[in-house]
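A.B. asks: Let me give you the structure first, and then I'll get to my questions.
The values are calculated or read from the model by the stated rules, or taken from the named source; none is laboratory data. Note that the structure is predicted; figures quoted are calculated from it, not measured. Here the Cβ positions follow ideal geometry from the backbone for every residue, glycine too, while neighbour counts run over all protein chains shown.
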Amino acid sequence: MKRTVSLILMLCIALLLFSCGKSEITAQEIYDAGLVEHMLESHQSVSVLYKMDGEVLIEAYLTDEYSYVYYPGEQFLGAQYMTDSASYAYSDGDCVRYLYITPDGVTNDFASDRAELFFGDFTLNIMTEVIESVTEKDGRMTVKSVLSEQALAELATEGIVFASSEYVLDAQTRELISIVSSYTYEDGAIFRMEMEITYDAEKPELLRTILGYESQTEDLRGVTVVSNPGTSAERSQSLQIPAGLIVGFTFGDEFEDRVSFYTDAACTMAYDPYADTASDLTVYVRWPE
């Protein structure tokens, strides 16, 4: 009898030790943890650092009000800042204030563009992965998974034969901390995508510079945009922007390479955004018929 009790006790201790350091979490919980809107429910901001094979590709800083993305080493676009009604770009010391225009004039509606600026779902792949292990240590939960056979078959045309991920979350709050994904190709090559997430981090210096421009109320210059000059569809709008900023324009894809900008009503002198960034400005926009 004593031997039987001892064996049962030893079995219970062994099971306890085996389960120690392990936890449970579902793919849906991990997916929800990767939604920006979910992250911002309890934080003012989310900072995300993307790396490929150890090299930083993107640095992002997100709030309910704006999205900021920085591209290290990018020659043309160093950083982009966007709210639902404003868009700025910064590169090599030049800051551009974009105006969104249509044939009917300036709208400044960047809501859809802002949504595309940053993909706010970090854990989409988890819904096509198989969770292999979940462990907990020092307040962090580590989830290891592999891509399902069906999902892997869809990547066969790209030469990927194996893919795995490691998700690290706060064990108590279930907030996402990092993701490391590895992809193996037929020739044995492997590349790694890494993501590091920080909550309520200090604003990047360049972002603070752009925010300073956006909140500027003095040293402004007038900008007038005239669409379809000299026609029955002519529209004229004026606004104020900080002096020193380059004025750029963005518009729907259907008008790409078909819209022209000029500095005279006759539309003979092409608009040069770098020519003068301090004086009042009038830009004439010719739209395709």
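A.B. asks: Taking Glu196, is it under 30 Å from Gly139 (Cβ atoms), of a type in the set (D, E, K, R), surrounded by 12 or more Cβ atoms within 10 Å (Cβ to Cβ) and touching a Leu at 6+ places or on another chain (Cβ under 7 Å)?
C.D. replies: When the stated conditions are applied, Glu196 passes them.
A.B. asks: Tally up the residues in segment 54-112 that are charged (D, E, K, R) and either modelled with pLDDT under 85 or assigned to a strand (DSSP E or B) (or both), please.
C.D. replies: Residues flagged as charged (D, E, K, R) and either modelled with pLDDT under 85 or assigned to a strand (DSSP E or B) (or both) within segment 54-112 amount to 6.
A.B. asks: Can you name every one of the strands (runs of 3 or more DSSP E) wholly within segment 122-178 that holds 1 or more residues which are within 25 Å of the chain's Cα centre (by Cα), among the basic types (Lys, Arg) and modelled with pLDDT of 95 or more?
C.D. replies: 140-147
A.B. asks: Sort out for me the strands (runs of 3 or more DSSP E) sitting completely within segment 185-268 that have 2 or more residues that are hydroxyl-bearing (Ser, Thr, Tyr) and under 21 Å from the mean Cα position of the chain (by Cα).
C.D. replies: 190-199
A.B. asks: Quick check: anything in segment 91-110 among the small types (Gly, Ala, Ser), in contact with a helix residue (DSSP H, G or I) (Cβ under 9 Å, 6 or more places away or on another chain) and not assigned by TED's automatic domain parsing to the domain that holds Tyr284?
C.D. replies: No, segment 91-110 has no match at all.
A.B. asks: Those residues that are of a type in the set (A, V, I, L, M) and in contact with a Lys or Arg (Cβ under 7 Å, 6 or more places away or on another chain), I need them from segment 53-84; list them, please.
C.D. replies: Those that are of a type in the set (A, V, I, L, M) and in contact with a Lys or Arg (Cβ under 7 Å, 6 or more places away or on another chain): Leu57, Met82.
A.B. asks: Which residue is nearest to Leu35 (Cα to Cα), if the candidates are limited to segment 199-226 and must be of a type outside the set (Val, Ile, Thr) and surrounded by fewer than 12 Cβ atoms within 10 Å (Cβ to Cβ)?
C.D. replies: Among them, the one singled out is Asp200.
A.B. asks: Which of (1) exposed (fewer than 12 other Cβ atoms within 10 Å of the Cβ); (2) in contact (Cβ under 8 Å) with a residue 12 or more places away in the chain is the odd one out, the single condition Glu166 does not satisfy?
C.D. replies: Checking Glu166 against (1) exposed (fewer than 12 other Cβ atoms within 10 Å of the Cβ); (2) in contact (Cβ under 8 Å) with a residue 12 or more places away in the chain, the one that fails is (1).
A.B. asks: Which of the residues belonging to segment 126-141 are under 18 Å from Asp32 (Cβ atoms) and among the hydroxyl-bearing types (Ser, Thr, Tyr)?
C.D. replies: Thr128
A.B. asks: Do we find that Ala156 is of a type in the set (A, V, I, L, M, F, W, C), surrounded by fewer than 16 Cβ atoms within 10 Å (Cβ to Cβ) and free of Cβ contacts under 8 Å to residues at least 12 places away in the same chain in this structure?
C.D. replies: Yes; evaluated as a whole, the condition is true for this residue.
A.B. asks: Right, another one. Just a yes or no: is a residue in segment 73-87 of a type in the set (S, T, N, Q) and more than 30 Å from Ser236 (Cα to Cα)?
C.D. replies: Within segment 73-87, one or more residues are of a type in the set (S, T, N, Q) and more than 30 Å from Ser236 (Cα to Cα).
A.B. asks: Then there's this: Looking at (1) surrounded by fewer than 16 Cβ atoms within 10 Å (Cβ to Cβ); (2) in contact with a Phe, Trp or Tyr (Cβ under 9 Å, 6 or more places away or on another chain); (3) not acidic (Asp, Glu), which is the only condition Gly73 fails?
C.D. replies: Answer for Gly73: the failing condition is (2).
A.B. asks: While we're on this one: Name the one entry in Thr263, Thr224 that is of a type in the set (Val, Ile, Thr), without any contact (Cβ under 8 Å) to a residue 40 or more places away in the chain and over 26 Å from Ser67 (Cα atoms).
C.D. replies: None of the other options fit; the residue is Thr263.
A.B. asks: Say whether the condition of being within 29 Å of Ile30 (Cβ to Cβ) and either touching a residue at least 60 places away in the same chain (Cβ under 8 Å) or not aromatic (Phe, Trp, Tyr) (or both) is met by at least one residue in segment 71-80.
C.D. replies: Yes - at least one qualifying residue is present in segment 71-80.
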